[in-house]
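Below: the structure, in structure tokens.
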Amino acid sequence: MSIVSPSPEIIAEAARFLRGGDLVAFPTETVYGLGGDATQDSAVEKIYAAKGRPSLNPLIVHVGGREWVAGIAEPDGRFDKLARVFWPGPLTLVMRRRADSPISKIVSAGRDTVAVRMPDHPVARDILLAVKRPLAAPSANTSGKVSPTRAEHVHDGLIHPPRLVIDGGACRVGLESTVLDLTQHIPVILRPGSISREQLEAAIGEVREGLDDATAPKAPGALLSHYAPGLPLRLNAANPEPGECFIGFGPVSGAYNLSPAGNLDEAAANLFALLRQADNLNLYKAIAVAPVPQTGIGVAINDRLRRAAAPRNTG
Ligand code: TXA
Ligand code: MG
């Protein structure tokens, strides 16, 4: 697997690999995606195999323009409003599949819906426009682990390496997109992200909070382990206990800090890289994270932290 810098030649090569059914990892504004042609069953199967992803957890389809959606799904007036305000950007919209949708049914994992987003990153956009096909692209990590926010994170995160990893530097947002289910009468947030409920409500009216993962148990308080570092994680920690790596937030002393200035956007961008770093030092027996305010993107940061700290799935 080679990590390469983007250039017109590399984009063209990536497009050839993708049209041929191979996988390419590329940067988006949220996290690195493991991309494959969403219209080819065999390419989509490769994505599930490379991640060890349960086949019941559907994938996000990435498009190069708003107008691509009409051929894939059944967008309504709420889609038009949201796409106008938030696309390109970190908002994924779940809609009914068109009966003649060219998207592989494996992408939807047996559902009659499809999740679509238009990424706000020049490399992702250039690849989509070169391939001219929608790309399925989950985060480029093994299922349940910490998502990659740098090209070099992709390297240690997959069961089968992709043909290419395109290096776009550090991801600007650092947390996965907000996922909004538009198939409900009142839209439901399935996964919080940097686009908040308040922002969505300003565009389309009432929105509800739901549960993240399509495979998550629907019981209140039930948490599915996800985004998990190797070490156990302790949340809302004021200080480290002996043997713990402390990750601070705001003006506290210590080597690791999500944002010394207490800026939530900066904290989101640093979160996964810091968890990964603490894990890889082999110096600690656990990680302790300071409290993060539950406002704006802090809601999404705390969602990821709770899942990272949840009892681990076995296997
Ligand atoms: O920011 C992101 O969204 C990143 C970058 C690479 O674009 N992608 C990403 O994809 O996080 P993935 O596959 O790791 O996360 C997909 C999420 C899961 O929570 C999945 O359950 C949900 O979206 N999802 C996908 N299709 C769905 C559908 N048809 N119905 C309900 N949930 C769906
Ligand atoms: Mg993921």
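The values are calculated or read from the model by the stated rules, or taken from the named source; none is laboratory data. If you're wondering where the values come from, they're calculated on a predicted model, not measured in any experiment. Positions of Cβ are backbone-derived with ideal geometry, glycine not excepted, and every protein chain shown enters the neighbour counts. Please note that ligands, DNA and RNA were not included when accessible areas were found on the heavy atoms of the full protein model with its side chains. Shrake-Rupley method; radii C 1.70, N 1.55, O 1.52, S 1.80 Å.
Residues checked against (1) within 16 Å of ligand 2 (Cβ to nearest atom); (2) within 18 Å of Thr142 (Cα to Cα); (3) over 15 Å from the mean Cα position of the chain (by Cα):
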site	(1), (2), (3)
Ser7	no, no, yes
Thr39	no, no, yes
Ala43	no, yes, yes
Asn57	yes, yes, no
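If I go through region 232-243 residue by residue, how many of them are touching a strand residue (DSSP E or B) at 6+ places or on another chain (Cβ under 8 Å) and open to solvent by 30 Å² or more (accessible area, probe 1.4 Å)?
The number of residues fulfilling the criteria is 8.
Would you mention how many residues in region 94-116 are on the phi < 0 side of the Ramachandran plot, in a loop (DSSP other than H, G, I, E, B) and not hydroxyl-bearing (Ser, Thr, Tyr)?
Keep residues of region 94-116 that are on the phi < 0 side of the Ramachandran plot, which gives 94-108, 111-116.
The next check asks that each one be in a loop (DSSP other than H, G, I, E, B); those that pass are 98-108, 111-112.
Of the ones still in play, those that are also not hydroxyl-bearing (Ser, Thr, Tyr) are 98-100, 102-103, 105-107, 111-112.
Residues meeting the conditions: 10.
Hey, any hits in region 275-285 for a residue that's outside any loop (DSSP other than H, G, I, E, B), open to solvent by 20 Å² or more (accessible area, probe 1.4 Å) and of a type in the set (Lys, Arg)?
yes
Taking region 228-246, which residues are part of a loop (DSSP other than H, G, I, E, B), in contact with a Phe, Trp or Tyr (Cβ under 8 Å, 6 or more places away or on another chain) and not aliphatic (A, V, I, L, M)?
Correct list: Asn239, Pro240, Gly243.
Check every one of the strands (runs of 3 or more DSSP E) wholly within region 117-207 and list those with 1 or more residues that are in contact (Cβ under 8 Å) with a residue 24 or more places away in the chain, open to solvent by less than 40 Å² (accessible area, probe 1.4 Å) and closer than 19 Å to Asp303 by Cβ.
Where strands (runs of 3 or more DSSP E) fall fully within region 117-207 and carry at least 1 residues being in contact (Cβ under 8 Å) with a residue 24 or more places away in the chain, open to solvent by less than 40 Å² (accessible area, probe 1.4 Å) and closer than 19 Å to Asp303 by Cβ, they are 178-181, 188-191.
Scan region 244-253 for residues that are surrounded by 19 or more Cβ atoms within 10 Å (Cβ to Cβ) and over 19 Å from Lys285 (Cα atoms) and jot them down.
Matches in region 244-253: Phe249 only.
Search region 273-300 for residues that are more than 23 Å from Pro192 (Cβ to Cβ) and pair each with any residue that is in a helix (DSSP H, G or I) when their beta-carbon atoms are under 9 Å apart and the residues are at least 6 apart or on different chains.
Matching pairs, first to second residue: Tyr284/Ala278.
With the structure loaded, tell me whether Gly65 is small (Gly, Ala, Ser), assigned by TED's automatic domain parsing to the domain that holds Ala151 and within 15 Å of Ala140 (Cα to Cα) or whether it fails that test.
So Gly65 fails the test.
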